[in-house]
Amino acid sequence: MKVAATALPGVLVIEPTVHEDARGFFFESFNQRDFDAAIGRSVTFVQDNYSRSCKHVLRGLHYQIGRPQGKLVRVTAGEVLDVAVDLRRSSPTFGKSAHTILSADAKKQLWIPEGFAHAFLVLSETADVLYKATDYYAPDEERCVIWNDADIGVEWPRGVAPILSPKDRAGVALRAAEVFA
């Protein structure tokens, strides 16, 4: 497995070793020992989430404030632009974002630690996104920062009118958001 840093310390792109031949391919999508070594600490995942979305659906920027979740995100079909935003006020990268393309073909994953918001925009006709979470979903702790906040400045693809849920349309600006210490 290869691990690459992003513009945000702690947010990592993880590329598995893929064994491919005429029959198809095989790779370990998760190995606890190797993952813990890659991120430099031990985590426990308690929940797996799976979504299917159509082209130009944008989900996020989501996070949980009282029960923060670390997320290991991968795409099993299609392609997305995956984004993390640092919401730790004490961090030198507070309010900054990092993004990467995740696709079923590339098989890369994105590790987003606790204290970050997460979003993705579907670039293909459909995309299946699977992610592991370090804490359980807690609806009363869920928060959403508006996807196009100018203070964050995520570089979304030009000319795309994202399809948003009512919850995501109601996201708040970073300046008004409840964030981490």
Handout entry: Residue in the range 149-180 that is farthest from Gly95 (Cα to Cα), counting only those that are out of contact with any Lys or Arg (no Cβ under 9 Å at 6 or more places or on another chain), in a loop (DSSP other than H, G, I, E, B) and of a type in the set (D, E, K, R)
Key = Arg158
Problem - When residues of the range 46-75 are limited to those that are under 16 Å from Ala133 (Cβ atoms) and polar (S, T, N, Q), the one surrounded by the most Cβ atoms within 10 Å (Cβ to Cβ) - result: Gln69
Practice task
Scan the range 116-163 residue by residue and report those that are among the hydrophobic types (A, V, I, L, M, F, W, C), touching a Gly at 6+ places or on another chain (Cβ under 9 Å) and farther than 14 Å from Val73 by Cα.
Solution key: Leu123, Ala138, Cys144, Val145, Ile146, Trp147, Ile152
Practice task
Output yes when any residue across the range 141-159 is on the phi < 0 side of the Ramachandran plot, of a type in the set (Gly, Ala, Ser) and touching a residue at least 40 places away in the same chain (Cβ under 8 Å), and no when none is.
Solution key: no
Problem - Test for Ser90: is it at pLDDT 95 or above, farther than 22 Å from Asn148 by Cβ and of a type in the set (Ser, Thr, Tyr) - result: yes
Completion exercise
When restricted to Asp128, Asp135, Asp105, the only residue of a type in the set (D, E, K, R), free of Cβ contacts under 8 Å to residues at least 40 places away in the same chain and surrounded by fewer than 22 Cβ atoms within 10 Å (Cβ to Cβ) is Asp105
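The values are calculated or read from the model by the stated rules, or taken from the named source; none is laboratory data. A quick note: this is a predicted structure, and the numbers were derived from the prediction, not measured. All Cβ positions, glycine included, derive from the backbone under ideal geometry; neighbour counts span all protein chains shown.
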